[in-house]
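The structure appears below as structure tokens.
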Amino acid sequence: MSSLRAILTAKFSRAFEKQGLDPSYGKVVDSQRPELGQFQCNGALAAAKEARKNPRAIAQAVVEQLSSDPCIDSLSLAGPGFINIALSDAFLAEHISRLAEDERLGSPLPAHPHVVVVDFCGPNVAKPMHVGHLRPTIIGDALQRLMRYLGETVITDNHLGDWGTNMGILINAMRERRPDLPYFDPEKTRSFPEEPPMTVEELEKLYPEATAECKSDPAKMQKALDATYELQNGRPGFVALWKHFVNLSMTELKGDLEKLGVRFDYWLGESFYHGKMGELVDRLETEGKAVDSEGALVVHVAREDDKREIPPLLLRKRGGGYLYGTSDLATLDYRVHEFGAEEIIYVVDQRQELHFEQVFRAARRTGIAAENVSMIHIGFGTVNGKDGRPFRTREGGAARLSYLLAEATEKAMERMDEAGVGRDFDKAEKADVAHKVGLAALKFADLMNHRTSDYVFDIDKFTRFEGKTGPYLLYSAVRIKSILRNAAERGVTTGPLLPPTDAERGLMLLLGKLPDVLAGAREGFAPNYMCDFIYDLAQEFNRFYRDCHILREPDEARRGSWLSLVNIVLAELELVLGLLGMEIPERM
Ligand code: ARG
């Protein structure tokens, strides 16, 4: 099963080929001017240039070859050689029926699925998830859902920051505050308390305090670095204390992610690679792939044609100690060899672009990632406040994710009250719907922007029931469900799709685009294509539903055809909402 565009492209390619021209000129695209045609093919211009022929003559020959094709209604020439294409209604209806019967709704499974590792979220221990984690988590989750649907073998991994200097800062801060704790007794090597010496709130409060102290006091920083070193070398008390930090953080993180509806296959944080780094670094050194640079060990990654300076990737500091880059290289090595990863996608802040460039180059140079492994950094823009600066709470801190979620749910509840939604629901159902609506508001507002653009966080706008918002789309899906329930109650049944009238032709054309939209979103790592698509679909559906009174339609065949169409709209809407990580309530 292929998309409408793919079917047309195949036909046009053959027509070009028959004229002795390259088939790639037959590429068909969506029409830029729907009033002139549904699709267009612009290849004649480029083909003419290459063949030194008249573009109109080439286009004319293509038109003559295809105008009697059963899937074509009409072809027209425009300008210097554009071909406008309108499909035959019979073909369109037949195509959409086939799409609806296909359990994959037109997206074929790949013959050879890729093993794709998606690395996203990646919070640091002791730092609660905040607004800055919204984008990587939501975008990463949408991408992994999409790729899974498209049949790739997807592995998600939350690369927790649990092993760096931050840990030493915390250990040292605890030592200063609570020197009496058994973790700091150098004589003691086992039987440490099972209960953590603090709550997660205390841990999260300690972290910024301790970081600030170290920043302003170099001696303290040195102690923290020493503590990090001791931790990494396995000092039992430090390891025991560190485990408490990690457990406290993980429990909280998992709770936040659960609320977001995001799950991971693996949580292989930086510490997981500790033992692996030494081995890898030694190997690279022996093989001469990592070299000495003023006492440190590095991999040179600069290229002659670089337009900017790309510094070497630092693997081992002078005097020992590994770095973020070392652990990322070891992580890559593990993913390639243990998971068989062929594509590794990092949904991480744009500010880490240079880091990933260095790591990816080092992985190639050292042979850790062979040519068949693609490594892709998916950066994203910032979530801003209305003042155009990174979004902060009224108190000035980075807004916590749990706080944003609670705020979204609360706002959703208000909106529901305004719209009279859920008046007769019991408390539990109403809370559940508000949660789903709030989540949809946050996710859709984030995903509808191209990931590289910034956007302004405006919960009032995001939670509206009208306009391009998550709640509007959920509401549309719920409404369609109720239309279908209603029809069923009245005994109206679905029937074969009839060739469309003017009222539903646009809707059918849109439904036929789904496979292209999903493929495009995957190719460009751009969930916003899916957002645009379902928004258009909901709008187009509303137009159709306003003009076509399904239940009152006297012609039974037409009524059945329309009802089938409604089912297909719902199927596509449900699929895409699910890929965007939005849950549809039963009723609203
Ligand atoms: N923990 C890191 C941070 O907060 C993000 C981790 C991203 N993933 C990776 N493999 N480096 O900046």
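The values are calculated or read from the model by the stated rules, or taken from the named source; none is laboratory data. Everything numeric in this text was worked out from a predicted model, so none of it was measured. Virtual Cβ from ideal backbone geometry, glycine too; neighbours counted across all protein chains shown. To get the accessible areas, we keep the full protein, side chains included, count just its heavy atoms, and leave off ligands, DNA and RNA. Shrake-Rupley method; radii C 1.70, N 1.55, O 1.52, S 1.80 Å.
Structure notes:
- Residues in region 560-588 that a label on residue 426 would reach, taking backbone N under 18 Å of a point 7 Å out along Cα→Cβ: 586-588
- Dipole magnitude (debye, nearest 20) for the chain, charges at Cβ of Lys, Arg, Asp, Glu: 820 debye
- Normalised by residue number, the volume inside the convex hull of the Cα atoms of region 328-368 is 63 Å³ per residue.
- Loop-located GluC sites (Glu not before Pro) in region 232-335 (DSSP state other than H, G, I, E, B) with a sparse environment of at most 15 neighbouring Cβ atoms within 10 Å: 287, 294, 304, 309.
- Note on exposure: 378, 7 ranked by accessible area (1.4 Å probe, complete protein assembly) read 7, 378, with the most exposed listed first.
- Dipole of the chain [Lys/Arg +1, Asp/Glu -1 at C-beta], most positive-end residue of 487, 131, 21: 21
- Violating pairs (Cα-Cα greater than 31 angstrom) within the set 220/243; 307/443; 436/513; 259/461; 259/468: 307/443
- Size descriptors for region 35-145 (Cα atoms only): Rg and Dmax, in that order, 23.3, 69 Å.
- Cα centroid of region 227-257 to Cα centroid of region 502-517, whole Å: 53 Å
- Mean shadow area of region 100-166, taken as a quarter of the surface of its Cα convex hull (nm²): 6.0 nm²
- The phi-based Karplus calculation (6.51 cos²θ - 1.76 cosθ + 1.60; θ = phi - 60°) puts the 3J(HN,Hα) values of region 12-29 at 5, 4, 4, 5, 5, 4, 4, 8, x, 9, 5, x, 5, 5, x, 4, 9, 10 Hz, whole numbers, x for Gly and Pro.
- Taken as Cα centroids, region 82-114 and region 303-370 sit 41 Å apart, rounded to the nearest whole angstrom.
- Residue-span extension gain [residue 304 to residue 371] - 0.36 nm each, minus C-alpha spacing: 22.1 nm
- Cα extents for region 457-588 along the principal axes, largest to smallest and rounded to whole angstrom: 48, 31, 21.
- Solvent exposure of residue 202, expressed as accessible area, is near 100 Å², computed with a probe of 1.4 Å over the protein chains only.
- A simple charge model with +1 on the Cβ of Lys and Arg, -1 on the Cβ of Asp and Glu and nothing else charged puts the dipole of region 314-454 at about 660 debye relative to its Cα centre.
- Taking the inverse of the mean 1/r over every pair of distinct Cα atoms in the chain gives a Kirkwood hydrodynamic radius of 27.5 Å.
- Given +1 at the Cβ of Lys and Arg, -1 at the Cβ of Asp and Glu and no other charges, the dipole of region 281-350 around its Cα centre is 240 debye to the nearest 20.
- Crossing angle, helix 218-232 versus the chain [Cα axis fit, 0-90 degrees, rounded to tens]: 80 degrees
- Between helix 274-286 and the chain: long-axis angle, C-alpha atoms, 0 to 90°, nearest 10: 90 degrees
- Hydrodynamic radius (Kirkwood) for region 127-181, which is based on Cα pairs only, to one decimal in Å: 14.4 Å
- Label-point separation, residue 276 to residue 33 (7 Å along Cα→Cβ), nm: 5.6 nm
- Estimated Rh, region 1-69: Kirkwood, alpha-carbon pairs, angstrom: 12.1 Å
- Here's the picture: charge each Lys and Arg Cβ at +1 and each Asp and Glu Cβ at -1 in the chain, and of 87, 212, 320 the one pushed furthest to the positive end of that dipole is 87.
- A full extension of the chain between residue 18 and residue 1 corresponds to an added length of 3.6 nm, given 0.36 nm per residue minus the alpha carbon distance.
- For region 220-355, the equivalent ellipsoid derived from the Cα gyration tensor has semi-axes of 28, 22, 15 Å, listed largest first.
- 0 to 90° range, to nearest 10: angle between helix 200-216 axis and the chain longest Cα axis: 70 degrees
- The alpha carbon gyration tensor of region 454-512 gives principal lengths a ≥ b ≥ c with a/c of 1.5 or higher and a/b no greater than b/c, which makes the shape oblate.
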